[in-house]
Amino acid sequence: MDTVVLKPLPENATSQEKLWRSAVKSMTAGAAGAALTNPLDVIRNEMFKTNLGLTDTMKHLHSEIGWDFLVRGMGKNLIAVAIPVGSTIFFTDALIQFSFLQRQREQ
């Protein structure tokens with residue numbers, strides 16, 4: 001698998017280049033956030049189901065399915081979390097860029 005490294009954009013980067021970079025950063029952030037918080041979601045949901053404390057829930061999950069509980073439901077979580085979060089970051093960045101360009105044109 002190739003590693004994607006984002007280099008600093010040149011001063012004269014086009015709006016399209018900036019938007020592509022923003023899209024890559026946004027989707028990466030959304031996927032990373034979803035992957036990192038997935039184990040916490042699994043533990044929280046299990047705590048609600050079993051009415052156990054944190055350590056007892058983790059022991060219960062580990063005894064039931066081993067350390068695989070840390071990635072249980074990851075695919076669904078990536079879809080449910082990464083896409084909305086990545087989209088929110090991207091559209092916010094795009095609107096900020098658009099607003100900045102509008103202010104530059106007005107001056």
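The values are calculated or read from the model by the stated rules, or taken from the named source; none is laboratory data. Keep in mind that what you see is a predicted model, and the values were worked out from it rather than measured. Here the Cβ is made from the backbone with ideal geometry for all residues, glycine too, and neighbour counts use every protein chain on show. Accessible surface is based on the protein model in full, side chains and every heavy atom, while ligands, DNA and RNA are left aside. Shrake-Rupley method; radii C 1.70, N 1.55, O 1.52, S 1.80 Å.
Descriptive notes on the structure:
Residue-by-condition table, conditions (1) in contact with a Phe, Trp or Tyr (Cβ under 9 Å, 6 or more places away or on another chain); (2) closer than 25 Å to Ala23 by Cβ; (3) among the β-branched types (Val, Ile, Thr):
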| position | (1), (2), (3) |
| --- | --- |
| Arg44 | no, no, no |
| Phe48 | no, no, no |
| His62 | yes, no, no |
| Leu78 | no, yes, no |
| Val85 | no, yes, yes |
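- Single residue of the stretch 7-34 satisfying the filter (among the aliphatic types (A, V, I, L, M) and in contact with a Phe, Trp or Tyr (Cβ under 8 Å, 6 or more places away or on another chain)) that is most open to solvent (accessible area, probe 1.4 Å): Met27
- Close pairs from the stretch 71-87: first touching a residue at least 24 places away in the same chain (Cβ under 8 Å), partner surrounded by 14 or more Cβ atoms within 10 Å (Cβ to Cβ) and β-branched (Val, Ile, Thr), Cβ under 7 Å, at least 6 apart: Arg72/Val42; Gly73/Val42
- Comparison of Ser87, Ser15 shows that the only residue that is hydroxyl-bearing (Ser, Thr, Tyr) and modelled with pLDDT under 90 is Ser15.
- Any hit, the stretch 51-59, residues being β-branched (Val, Ile, Thr), in contact (Cβ under 8 Å) with a residue 24 or more places away in the chain, buried (at least 17 other Cβ atoms within 10 Å of the Cβ) and over 27 Å from Pro10 (Cα atoms): no
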